[in-house]
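The values are calculated or read from the model by the stated rules, or taken from the named source; none is laboratory data. Just so you know, these numbers come straight off a predicted model, no measurement behind them. No Cβ is skipped: glycine too gets one built from the backbone with ideal geometry, and neighbour counts run over all protein chains shown. Remember, those area values only see protein heavy atoms, side chains included, never the ligands or the DNA or RNA. Shrake-Rupley method; radii C 1.70, N 1.55, O 1.52, S 1.80 Å.
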Amino acid sequence: MTPPLRSWIFALSMGTAMGLSGLGAITTAGATSTTHARTVAQASLTTGGTWSLSATPKKGGQLLSISCISATNCWAVGDSFFHTNPQTLIAHSTAFGWAVVASPNVGTGGFNYLYSVSCPSSTDCWAVGEAATSGIFQTLIEHYNGSTWAIVSSPNGNVTVDNRLSSVACASASYCISVGEVGDPASPPRTLIEQYNGTTWAVVASPNVGSNVNALESVRCVGTSDCWAVGYYSNGANARTLIEQYNGSAWAIVSSPNTAAAQDNYLTDVTCVNAADCWTVGESCVSISYCPTLIGHYNGSGWAIVSSPDPGSISNTLDGVTCVGADECWAVGYQNSGVDQTLVEHFDGSAWTVANSPNTSSGEYNDLQGVNCADANDCAAVGFSLGATFYQGLVEQYSTTTFQESNVRVAYDSWRGLIDPTADGGTYEVSRTKGATATFKFFGTGLYWETRKGPSQGVASVRIDGVNKGNVDLYAASSQNFSQGYSGLTSKNHTIVITVTGTKDALSGNANVAVDAFIVGFTTTQEASPTVTYDGWTGATSPSASGGTYRTDGKAKATSSLAFTGTGVTWVTATGPSEGKATVTVDGSVVETVDLYSPTVAWQVAEAITGLTSGSHTITITVLGTKDAVSAGTQVVVDAFIASW
């Protein structure tokens, strides 16, 4: 493999080369304790989601870039080592998981690498890299037309030396930019930029700094007249950041910040929210033994370094960055305190923080090279793991289900926060001010608003995307958690607004409205579904039950189970004066014991289990046959199950 040019600069400035240096990623919730929704596992961030390992699409290879058209349609590219020489590797994700697809190569037994992928649509994707059948590498560009991948003609800056395309970004189906470098150690590499006009690719003029190494690692286009490319150059002693901008007519070098003059600075990826909000990531090296992360931000007038965390004691590198909004960005790479482990950082609109990210093993190298999000709820990162014998493609998925009321996506006016151990997440927001609103923006086809009913609760009005969804009367004789669901929405971004009406039931002591959490992305399984199993439960009807029907049993050891796929599940039940106790088991482990007694009947009471590993699980409800001292019975109700992902 052609060594990353960053290694050459390290050799010049520090007398050694990097080991596993990454290539830039490219492109593009106060109820009583008997009814509360209990969180079994929490994400480390207020983002509401978790990162989890996905099924590996390929042994003997590495994935370096990813582009997602939707949550169930992503492409990742890299190279495979299960050949005499490395060959291209392309993997595709669908609702059924990841699979390797056929990808062409130049020559027979040659060297073929893909470093970047960008998909304007589900039937239009581009991948770029380099290939060699002899000693000189030339550019490699491949295109997907909706059915197959094919090599297309691509120009070179100078056919007598190495040519590499490190990144590709498409502003439209007829406008794409690819960047890289042309040259080799004997003739210092210079920047290389190519443009696609809807028909062919052509080399366009690109500036350089000085006469030493200049390399572009990533490109992103806000539009056809606003593109950014980032990388690095050598001043003869150290590596310096390199940022270039296209204004619709020409590329020009713009001022870019660096850390101390004696440190090496590399930029590996760039992304933009809009023309006045862009991010770039990479690393700076204080010495050969310590490299911290490097993050830069563009505010519309200039670039500046911003603070970024460094959990690794030896090195910290960011190789990929993506944003789905001004307050929702992800950066990925690796940290090293003895062995490379994944590094994921999140920006919430105010600061970057480290997020929990899994690894195949604490003793194996795990590096993330690229990240992309289909929407704010669904992101994926790719890279590789390296054990004792082979590389293996690495895919990690981020899925969001539960957004606590403290999440940055929820905006309030005239509300106050309360701490309550029975609330989902331990806290909730409440207001009784007429006209006070809570606004939550989300992506999906439905959501649940987790709130609270009780003797002091009032009436709230709900609107989604400006459409009136009716009023919700939150009065109940006793305090309890309550979930109000809305489904059947178009798969896109939505806004729900909860408004305090200032009105109440005649029996209520006040007009309080609570926001405990929002659950986005769910599948409801009614109790009558054949997928729900029972042993002797009795069916009954009630207009207050979910779907109008429910099952009930009071015999000790009676069970009801559901196998589901997701990261969480909610058991919809009921409380009342004749209800007893039950245990909730997930995958064979008891996660909670619930007392369903309440002085008055309450329907659609939610018992939520969240923070599960993404995948297949089984929830089982077991009747204990015991009860509260004042309860008239030991009945347990199964009304429905809600699987979230």
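Tabulated values for the structure
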read-out: Qualifying residues in segment 337-377 (those that are acidic (Asp, Glu) and open to solvent by 30 Å² or more (accessible area, probe 1.4 Å)) - the one farthest from the chain's Cα centre (by Cα); value: Glu364
read-out: Residue within segment 378-397 that is in contact with a strand residue (DSSP E or B) (Cβ under 7 Å, 6 or more places away or on another chain), open to solvent by less than 10 Å² (accessible area, probe 1.4 Å), part of a strand (DSSP E or B) and at pLDDT below 85 present; value: no
read-out: Test: Trp126 is of a type outside the set (D, E, K, R), at pLDDT below 95 and buried (at least 16 other Cβ atoms within 10 Å of the Cβ); value: no
read-out: Selection within segment 315-336 - at pLDDT 95 or above and surrounded by fewer than 14 Cβ atoms within 10 Å (Cβ to Cβ); value: none
read-out: Residue match in segment 174-193 (condition: under 24 Å from Ser103 (Cβ atoms), in a strand (DSSP E or B) and open to solvent by 40 Å² or more (accessible area, probe 1.4 Å)); value: no
read-out: Ala506 being touching a Ser or Thr at 6+ places or on another chain (Cβ under 6 Å) and either farther than 17 Å from Ala640 by Cα or surrounded by 18 or more Cβ atoms within 10 Å (Cβ to Cβ) (or both); value: no
read-out: Some residue of segment 259-269 being of a type outside the set (Ser, Thr, Tyr), open to solvent by 30 Å² or more (accessible area, probe 1.4 Å), within 24 Å of Gln195 (Cα to Cα) and out of contact with any Phe, Trp or Tyr (no Cβ under 9 Å at 6 or more places or on another chain); value: no
read-out: Filter pass, Ile253 being within 30 Å of Thr123 (Cβ to Cβ), in contact with a strand residue (DSSP E or B) (Cβ under 8 Å, 6 or more places away or on another chain) and of a type in the set (A, V, I, L, M, F, W, C); value: no
read-out: Members of segment 201-234 that are closer than 20 Å to Gly302 by Cα, in contact with a Gly (Cβ under 9 Å, 6 or more places away or on another chain), assigned to a strand (DSSP E or B) and among the small types (Gly, Ala, Ser); value: Ser218, Gly223, Gly231
read-out: Selection count, segment 261-295, where residues are within 21 Å of Asp348 (Cα to Cα) and either in contact with a Pro (Cβ under 6 Å, 6 or more places away or on another chain) or of a type in the set (A, V, I, L, M, F, W, C) (or both); value: 10
read-out: Pairs where the first residue, in segment 278-300, is at positive phi and the second is assigned to a loop (DSSP other than H, G, I, E, B) and surrounded by fewer than 23 Cβ atoms within 10 Å (Cβ to Cβ), C-beta under 9 Å, 6+ apart; value: Gly300/Ala275; Gly300/Ala276
read-out: Residue in segment 48-87 that is modelled with the lowest pLDDT, counting only those that are open to solvent by less than 10 Å² (accessible area, probe 1.4 Å) and among the polar types (S, T, N, Q); value: Ser80
read-out: Verdict on Asp269 being under 31 Å from the mean Cα position of the chain (by Cα), of a type in the set (Asp, Glu), more than 21 Å from Tyr175 (Cβ to Cβ) and modelled with pLDDT of 95 or more; value: no
read-out: Lone qualifier among Val281, Val219 - being of a type in the set (A, V, I, L, M, F, W, C), over 14 Å from Ile305 (Cβ atoms) and at pLDDT 95 or above; value: Val219
read-out: Thr160 being of a type in the set (Val, Ile, Thr), over 22 Å from Ala374 (Cα atoms) and assigned to a strand (DSSP E or B); value: no
read-out: Residues of segment 274-314 classified as among the β-branched types (Val, Ile, Thr) and open to solvent by less than 50 Å² (accessible area, probe 1.4 Å), total; value: 5
read-out: Checking Thr570 against (1) more than 22 Å from Thr634 (Cβ to Cβ); (2) open to solvent by less than 60 Å² (accessible area, probe 1.4 Å); (3) more than 36 Å from the chain's Cα centre (by Cα), the condition it does not meet; value: (3)
read-out: Residue in segment 138-146 that is within 26 Å of the chain's Cα centre (by Cα) and either surrounded by 21 or more Cβ atoms within 10 Å (Cβ to Cβ) or more than 30 Å from Val222 (Cβ to Cβ) (or both) present; value: yes
read-out: Candidates Lys492, Lys469, Lys453, filtered to the one that is in contact with a strand residue (DSSP E or B) (Cβ under 6 Å, 6 or more places away or on another chain), among the charged types (D, E, K, R) and surrounded by fewer than 17 Cβ atoms within 10 Å (Cβ to Cβ); value: Lys469
read-out: Failed condition for Thr501, given (1) among the β-branched types (Val, Ile, Thr); (2) more than 21 Å from Asp420 (Cβ to Cβ); (3) in contact with a Phe, Trp or Tyr (Cβ under 9 Å, 6 or more places away or on another chain); value: (3)
read-out: Unmet criterion (only one of (1) open to solvent by 10 Å² or more (accessible area, probe 1.4 Å); (2) under 25 Å from Ser631 (Cβ atoms); (3) of a type in the set (Gly, Ala, Ser)) for Ala563; value: (2)
read-out: Output for segment 573-613, where each listed residue is assigned to a loop (DSSP other than H, G, I, E, B), modelled with pLDDT under 85 and either open to solvent by less than 10 Å² (accessible area, probe 1.4 Å) or at positive phi (or both); value: Gly611
